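What follows is a single structure, written as structure tokens, with notes after it.
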Amino acid sequence: MFGVIRRRVANGGLSSSSSSILRQSLQTIRPAPSSASGVSDEILTPARGLEHVRKFSCLVSPRGKAISSRPVREVVSNMELTSSKKTWSRPFSSDTGDLVDAVVPFMGESITDGTLAKFLKNPGDSVEVDEPIAQIETDKVTIDVASPEAGVIKEYTAKEGDTVEPGTKIAVISKSGEGVAHVAPSENISKKAAPKQSASQTKDEEKQKPKVVASPVPEKPKTPATSPPKRSATEPQLPPKERERRVPMTRLRKRVATRLKDSQNTFAMLTTFNEVDMTNLMKLRSDYKDAFVEKHGVKLGLMSGFIKAAVSGLQNQPIINAVIDGDDIIYRDYVDISIAVGTPKGLVVPVIRNASKMNFAEIEKEINTLAKKANDGTISIDEMAGGSFTISNGGVYGSLLSTPIINPPQSAILGMHSIVSRPMVVGGNVVPRPMMYIALTYDHRLIDGREAVFFLRRIKDVVEDPRRLLLDV
């Protein structure tokens, strides 16, 4: 029957009589029971495998009247759209009934893969929704892989140290937790230990084995042991290999090493120094620290004072805030200050956006937020991207003097150091003063010594007399 219809459609369509015959045939094949409420049930014309018929099929009632003129193709497309929406609602997991796959999430625009650093849970452990179960180490940050559902970890499908991409399955979560044994993550679940043989079986096997009598082997004449050659006095005594350890570099450490070496090879770096009397800035913090905390809920530190001084210096010397791009110079009309933060996993540089529009309290709050995220390993790629100038404070570790390296694609970096009480001549008298050395490393291809010294001098003037910020002098 369907073959006849298909041939007629291919030859030019269906006539009214053919449509009625089709309707009667369908009613004969699929009779629709009458409903008690008097409303006829809808019958969907089967069109599987009939591309031409599907264009003309419609919803009909048992009496032969069309209920809906929507083609089946539209209905099927709506059904496919609905199923697609259900699939897209779980972007980072694959749900297969009781078992759910935990996959690597999206890690950022510039990050294509990462290294599976470690598992935070063992197979058999219970997990909650969005609870981290593993950590992915990238070139910039460490990203957590969260459990898509609450349940029990059945198995891990990847190993620590593997290179994974976004969407890679690393674990299987069982919602019910049935049949899941608690094992260590490093164990291979597919490999099972061989059963131990009983003592009786071992004895029987020994009895069945034929005994082999070994013939005596003639002894070789013993040769006198030769003493090891004596080392000459000039030969170096190298330490044994047993006292050394070889550990692979983390992706973050490799990335930092590459960027710093590229900076050294690209820039014509030169460093200029100055010293700052910290008396007035430290007195300002001491006088208003309690009132500052009471009003703003954050402590007043020295870093906010240096950031405000750096903003003033960058506005006075815009070339410090610029960068070389090929044969052009890009002048940035904004000030985004990068703060170098040392963490147990490596150096990260979060960015304070639009520092020129922020006051002391806003800067201190932003510094605390970014530093906490950096130490916890929860800082994002966006919070470290960009930046037009960097400040590195080695003084928190006791550094007295250093020459910092430029953070590409910037053109300069300011180095702060420890505060040391030194004898200084003030008004003709020698008095102790809290002094700090500051260093500015800059790209000499773009920045001349004159601009670099003027910039560093502006930092010194503002820190030694913060009232200049109020008067803009």
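The values are calculated or read from the model by the stated rules, or taken from the named source; none is laboratory data. Owing to the predicted nature of the structure, the values given are computational and were not obtained by experimental measurement. Here the Cβ is made from the backbone with ideal geometry for all residues, glycine too, and neighbour counts use every protein chain on show. Surface areas here come from the heavy atoms of the whole protein model, side chains and all, with no ligands, DNA or RNA. Shrake-Rupley method; radii C 1.70, N 1.55, O 1.52, S 1.80 Å.
What number of residues within the stretch 253-291 are of a type outside the set (Gly, Ala, Ser) and either without any contact (Cβ under 8 Å) to a residue 12 or more places away in the chain or farther than 24 Å from Gly395 by Cα (or both)? Step through it out loud before you land on a result.
Start the filter on the stretch 253-291 by keeping residues that are of a type outside the set (Gly, Ala, Ser), which leaves 253-256, 258-262, 264-267, 269-285, 287-290.
Then keep just the ones that are either without any contact (Cβ under 8 Å) to a residue 12 or more places away in the chain or farther than 24 Å from Gly395 by Cα (or both); that gives 254-255, 258, 261-262, 265-267, 283, 287, 289-290.
Of the residues in that region, 12 qualify.
Those strands (runs of 3 or more DSSP E) of the stretch 275-374 in which at least 2 residues are out of contact with any helix residue (DSSP H, G or I) (no Cβ under 9 Å at 6 or more places or on another chain) and within 25 Å of Ala412 (Cβ to Cβ), considering only elements entirely within it, cover 323-325, 328-330. Screening the stretch 131-146 for residues that are in contact with a Gly (Cβ under 6 Å, 6 or more places away or on another chain) and open to solvent by less than 20 Å² (accessible area, probe 1.4 Å) and picking the one that is modelled with the highest pLDDT gives Ile136. Among the residues of the stretch 375-406, those that are open to solvent by less than 50 Å² (accessible area, probe 1.4 Å), in contact with a helix residue (DSSP H, G or I) (Cβ under 7 Å, 6 or more places away or on another chain), in a loop (DSSP other than H, G, I, E, B) and touching a residue at least 40 places away in the same chain (Cβ under 8 Å) comprise Ile379, Ser388, Ile406.
Taking the residues in the stretch 245-264 that are of a type in the set (S, T, N, Q) and part of a helix (DSSP H, G or I) as candidates, determine which candidate is nearest to Ile136 (Cα to Cα). The residue in question is Thr258. For Ile352, the stated conditions do not hold, so it cannot be described as within 30 Å of Ser421 (Cα to Cα), under 29 Å from the mean Cα position of the chain (by Cα) and not basic (Lys, Arg).
On the basis of being assigned to a helix (DSSP H, G or I), basic (Lys, Arg) and open to solvent by less than 50 Å² (accessible area, probe 1.4 Å), does Arg458 make the cut? Judged against the criteria, Arg458 is a match. Among the residues of the stretch 432-467, those identified as farther than 12 Å from Ser312 by Cβ and among the β-branched types (Val, Ile, Thr) are Ile438, Thr441, Ile447, Val453.
Being among the charged types (D, E, K, R) and either in contact with a Lys or Arg (Cβ under 8 Å, 6 or more places away or on another chain) or within 17 Å of Gly449 (Cα to Cα) (or both) is the filter; apply it to the stretch 258-278 and report the residue that is surrounded by the most Cβ atoms within 10 Å (Cβ to Cβ).
Ranking the qualifying residues of the stretch 258-278, first place goes to Asp277.
Annotation: Leu314 fulfils all but one of (1) surrounded by fewer than 19 Cβ atoms within 10 Å (Cβ to Cβ); (2) within 30 Å of Asn359 (Cβ to Cβ); (3) touching a residue at least 40 places away in the same chain (Cβ under 8 Å); the unmet one is (1). Put simply, of Glu74, Glu149, Glu109, Glu128 the only residue that is of a type outside the set (S, T, N, Q), modelled with pLDDT of 75 or more, out of contact with any Pro (no Cβ under 6 Å at 6 or more places or on another chain) and open to solvent by 70 Å² or more (accessible area, probe 1.4 Å) is Glu128. Here is the figure for the stretch 110-160: residues that are touching a residue at least 60 places away in the same chain (Cβ under 8 Å), farther than 28 Å from Gly386 by Cα and either in a loop (DSSP other than H, G, I, E, B) or in contact with a Cys (Cβ under 8 Å, 6 or more places away or on another chain) (or both) total 3.
Against the numbered list (1) free of Cβ contacts under 8 Å to residues at least 60 places away in the same chain; (2) under 23 Å from the mean Cα position of the chain (by Cα), Asn368 comes up short only at (1).
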